[in-house]
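Novice: Questions regarding the structure given below will be posed in turn.
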Amino acid sequence: MSTAPILSWHAHVYYDPAHSRSTAEALRQRIGERFVVQLGRWHDVPVGPHSAAMYQVAFAPELFASFVPWLMLHRDGLDVLVHPNTLAPRDDHLRHALWLGDKRALKQEVLPLRIAAADESPIVPNTTPTVEA
Ligand code: ZN
């Protein structure tokens with residue numbers, strides 16, 4: 001089966017600003033050292049459909065097979081939402097997602113059913129790996 005409808009993937013790394021931000025920082029650094037991804041801003045306050053602090057890691061479909069298994073082994077207790085981007089944000093987050101660790105609540109009312117291709121953010125990698133994954 002083709003996965004062409006999957007334009008990209010997001011991994012949302014959740015943390016508790018008071019207790020696990022340093023763990024999230026260490027994970028973020030290790031990701032950036034190993035994978036060509038787009039590391040998003042820190043959100044110490046919940047944004048969008050997310051109910052806890054997190055940062056986003058956006059990555060290309062061809063990275064899934066190497067990055068997601070690595071994340072499974074190295075998330076260090078942090079909960080991670082991995083979802084595809086297929087121009088159907090509600091389904092992508094609620095039906096098509098996978099969770100590493102505990103599943104978190106999402107605010108489904110802020111997730112559109114469909115978006116236009118032009119509204120899908122292209123991935124702009126901002127990491128320069130120096131370490132073999
Ligand atoms: Zn996302």
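The values are calculated or read from the model by the stated rules, or taken from the named source; none is laboratory data. Everything numeric here is computed off the predicted structure, so don't read it as measured data. Counting neighbours? That spans all protein chains shown, and the Cβs are built from the backbone with ideal geometry, glycine included. To get the accessible areas, we keep the full protein, side chains included, count just its heavy atoms, and leave off ligands, DNA and RNA. Shrake-Rupley method; radii C 1.70, N 1.55, O 1.52, S 1.80 Å.
Novice: Explain nothing, just the number: relative contact order of the stretch 8-119, from Cα pairs under 8 Å at least 6 residues apart, as a whole percent.
Specialist: 32
Novice: Further, regarding this structure: Between V131 and D91, 0.36 nm times their residue separation minus their Cα-Cα distance comes to what?
Specialist: So the extension gain works out to 10.9 nm.
Novice: Also, I was wondering about something else. Any chance you could run the full-extension gain for E33 through D76? It's 0.36 nm times the residue separation minus the Cα-Cα distance, nm to one decimal.
Specialist: Net length gain for the segment: 13.8 nm.
Novice: Here is a further query. Over the chain, with every protein chain in place, what whole percent of the accessible area is carbon and sulfur at 1.4 Å, could you tell me?
Specialist: Within the chain, the accessible surface is 54 percent carbon and sulfur.
Novice: Sticking with this one: Quick one: of the DSSP bridges fully inside the chain, what percent are antiparallel, nearest 5?
Specialist: 100
Novice: Still on this structure: Could you report the stretch 8-119's accessible area per residue, 1.4 Å probe, as an integer in Å²?
Specialist: In whole numbers, the stretch 8-119 has 49 Å² accessible per residue.
Novice: Indicate the gyration tensor shape class of the stretch 8-119 (rounded, prolate or oblate), computed on the Cα atoms with a ≥ b ≥ c the square roots of the eigenvalues: a/c under 1.5 is rounded; otherwise a/b larger than b/c is prolate and the rest oblate.
Specialist: Oblate shape, in that a/c is at least 1.5 and b/c is the bigger or equal ratio.
Novice: Name the trypsin sites (Lys or Arg not before Pro) in the stretch 1-93 that are in a loop by DSSP and that have at most 10 other C-beta atoms within 10 Å, would you?
Specialist: The qualifying sites are R41.
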